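In what follows, a single structure is set out as structure tokens and then discussed.
The values are calculated or read from the model by the stated rules, or taken from the named source; none is laboratory data. Not measured: the values here are computed from a predicted model. Backbone-built Cβ (ideal geometry, glycine too); neighbour counts: all protein chains shown.
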Amino acid sequence: MKWTKWKFCAGIDEAGRGPLAGPVAVGAVLISTKNKKCLKCVFEKIKGKDSKKLTVSEREKWFQVIHAEQTKGNLQYTVSLVGAKIIDKKGIMYAIQTALRRSLLKINAKPTQTQVLLDGGLRAPQQYIYQKTIIKGDESKLVISLASIVAKVIRDKKMCQYAIQYPKYDFNLHKGYGTARHRKKLQQHGISLLHRASFCRFL
């Protein structure tokens, strides 16, 4: 595939597939092919780094840069969240696909004009004819790395907000993942409405 076939490139990645609590998040970043070289210079230092390889402060720093580039009109980003209730009722893959579809709609990615690059096993709806799923795409494609960062940062912020609503579980510390601290809190207090009951079944 060549860049001349489309006017835009969208990167897609998810965060929060495996936690015991909280939503799954799908980030999407849309870049015009005209801005590709310019943005590569802006984000050169994070090339090959997905959100998991960055510290919390590094992710926040790059998130601010991404937001600034959106303000300038050089890119668009969004994150869609689907919560525990849907995950329990329909399954994690349904939740991810729902969030993915919403994110593509939010950034107004036109199916016949947009190359969609997705990380891991993700797939866009069939109408996106120029889509490509890339194993470890968050490490090899800048636009996916950016999507990885926005998904992780927004989801983490949401979990910190939930920590105020559910103070017994320390969501601000583990973000819902199955850490020893989180499992201990579950043993003490049981599951909350924020927890994915289907993920906590065998604890």
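Scanning the range 39-60 for residues that are more than 19 Å from residue 141 (Cα to Cα) and assigned to a helix (DSSP H, G or I) yields a count of 3.
So is residue 81 in contact with a strand residue (DSSP E or B) (Cβ under 8 Å, 6 or more places away or on another chain), aliphatic (A, V, I, L, M) and assigned to a strand (DSSP E or B) or not? So residue 81 passes the test. For the criterion of being touching a residue at least 24 places away in the same chain (Cβ under 8 Å), buried (at least 22 other Cβ atoms within 10 Å of the Cβ) and within 26 Å of residue 22 (Cβ to Cβ), residue 75 fails.
The residues of the range 149-175 that are touching a Phe, Trp or Tyr at 6+ places or on another chain (Cβ under 8 Å), touching a residue at least 24 places away in the same chain (Cβ under 8 Å) and either among the charged types (D, E, K, R) or closer than 15 Å to residue 23 by Cα (or both), listed by number, are 150, 153, 159, 162, 171. Restricted to helices (runs of 4 or more DSSP H) entirely inside the range 89-203, those with at least 1 residues that are touching a helix residue (DSSP H, G or I) at 6+ places or on another chain (Cβ under 7 Å), among the basic types (Lys, Arg) and under 23 Å from residue 61 (Cα atoms) are 142-165.
Considering the range 1-38, and only residues there that are out of contact with any Leu (no Cβ under 9 Å at 6 or more places or on another chain) and assigned to a loop (DSSP other than H, G, I, E, B), the residue that is nearest to residue 178 (Cα to Cα) turns out to be 19.
Which one of 84, 95, 109 is over 14 Å from the mean Cα position of the chain (by Cα), over 16 Å from residue 144 (Cα atoms), at pLDDT 95 or above and of a type in the set (Gly, Ala, Ser)? That would be 84, the only listed residue that is over 14 Å from the mean Cα position of the chain (by Cα), over 16 Å from residue 144 (Cα atoms), at pLDDT 95 or above and of a type in the set (Gly, Ala, Ser). Let me spell it out: the conditions are (1) crowded, with 22+ Cβ neighbours inside 10 Å; (2) aliphatic (A, V, I, L, M); (3) more than 20 Å from the chain's Cα centre (by Cα), and residue 193 meets all of them except one. Which number is the exception? Of (1) crowded, with 22+ Cβ neighbours inside 10 Å; (2) aliphatic (A, V, I, L, M); (3) more than 20 Å from the chain's Cα centre (by Cα), only one is false for residue 193: (1).
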